[in-house]
1. How big is the gap, in Å, between the Cα center of the stretch 104-124 and the Cα center of the stretch 263-314?
2. Consider a paramagnetic label point 7 Å from the Cα of ASN68 along Cα→Cβ; state which residues of the stretch 9-41 have an amide N under 18 Å from it.
3. Taking amide H atoms as placed 1.01 Å from N in the peptide plane, list the residues 5 or more away in sequence, or in a different chain, whose amide H sits under 5 Å from that of ALA198.
4. Using modelled backbone amide H atoms (1.01 Å from N, in-plane), which distant-in-sequence or interchain residues come within less than 5 Å of ILE49's amide H?
5. Given a Förster radius of 22 Å and the C-beta distance between LYS97 and ALA24 as r, what FRET efficiency does 1/(1 + (r/R0)^6) yield to the nearest 0.05?
6. Which value, in nm² and rounded to one decimal, describes the direction-averaged projected area of the C-alpha convex hull of the stretch 37-195?
7. For the pairs LYS73/LYS186; LYS233/LYS269; LYS147/LYS186; LYS13/LYS39; LYS152/LYS187; LYS84/LYS243, flag any whose C-alpha to C-alpha distance is greater than 26 Å.
8. Rounded to the nearest 500 deg cm²/dmol, what is the calculated helix-only ellipticity per residue at 222 nm for the chain, with -39500 (n - 2.57) per DSSP H run of length n ≥ 4?
Amino acid sequence: MVIIDGHCDVLWKMYENPLIDFYAPQQAELDVNYENMMKSGIKIQCFAIYLPESIKQPKFDDYLEYINIFYQKIAIMDKLTVIKNQSDLQQVMNGTKVGAILTLEGADAINDHSLYTQILFRLGVRMIGVTWNYANWAADGILEARKGGFSKKGKRFIKECNDLGIILDASHLSVRSFWDLADHSKKPFVATHSNAYAVCPHPRNLNDDQIRALITRGGRIGITFVPWFVSDKGDASISRLMKHIEHVCALGGEKQVVLGSDFDGFNIKMPGLEHAGQLDNLAQQLSRYYKDQIVENFLYRNWLTFFETSLPIS
Ligand SMILES: [Zn+2]
């Protein structure tokens with residue numbers, strides 16, 4: 001089994017608790033750890049820089065602290081390759097090591113400093129979710145009461161990311177911000193960890209128009225394992241999760257469904273999908289309903305084809 005996962009919050013846990021060792025055997029503090037990656041065949045994992053709400057005024061230094069953890073404790077050269085461009089991607093897919101892509105969730109501390117965006121790119125950040133749930137200088141998030149879109153500065157930021165080769169992530173954006181992004185991004189964008197609103201009416205999920213927009217623009221929809229994004233009835237399970245995949249496929253998104261577990265970002269888990277070592281349970285369930293080729297598309301190939309065209313060439 002080969003898997004690519006578009007979102008996890010491992011770095012946040014490691015930032016909160018510096019004693020956590022990603023490579024320690026039976027590392028129960030982390031849902032995604034090296035052992036679980038090996039067990040499930042996770043070939044590429046995206047690691048998000050997510051500053052917790054307890055940091056009232058996020059600073060660029062806070063990003064640097066996360067990036068330092070990533071390079072010091074996760075990017076261990078003989079085990080894991082940091083993917084920054086298409087040749088790194090091919091090297092990982094053809095080799096024995098696993099790969100990691102550094103991403104950012106919440107551009108708050110960039111604060112319209114173009115230099116900061118460029119530095120983040122140089123340090124390896126290849127995907128940015130512009131907001132978390134609330135507003136910042138660039139855009140409004142999904143729980144911001146005024147339900148606004150992108151600011152002028154935010155629209156400039158979209159262009160800058162497009163030009164640099166940073167993929168934009170619409171998860172957590174307000175509905176209006178989503179459409180602003182759709183209007184202003186010249187490159188396909190993704191929602192790394194959002195399910196289908198029609199299946200589970202949670203504000204963090206995508207409505208059908210949003211899903212269709214991602215499909216027609218060649219984006220990706222990252223099916224996520226957060227129980228309250230899976231079901232609003234308190235009965236989240238792998239079979240309920242399958243309904244989201246089915247729904248995106250019914251809208252024509254068979255080639256756009258990807259995984260965005262959000263592991264390590266939430267505490268209450270679905271039975272059988274409690275950590276990244278259990279992805280085989282999902283693969284088995286998918287195999288009951290879809291042909292092997294399609295299951296492989298969901299598990300990794302749809303992400304792979306996206307990264308093959310969206311990551312910088314070199
Ligand atoms: Zn998130």
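Nothing in this text is a laboratory measurement; each read-out follows from the coordinates by a stated rule. These figures come from a predicted structure and were not determined experimentally. Using ideal geometry, Cβ is built from the backbone for each residue, glycine included, and neighbour counts are taken over all protein chains shown.
1. 28
2. Residues 11-22 qualify, since their backbone N sits under 18 Å from the label point.
3. Answer set, sorted by chain and number: ASP208.
4. THR103, LEU104, GLU105
5. Using R0 = 22 Å, I get an efficiency of 0.75.
6. Averaged projected hull area, Cα only: 9.8 nm².
7. The answer is LYS73/LYS186; LYS84/LYS243.
8. -10500 deg cm²/dmol
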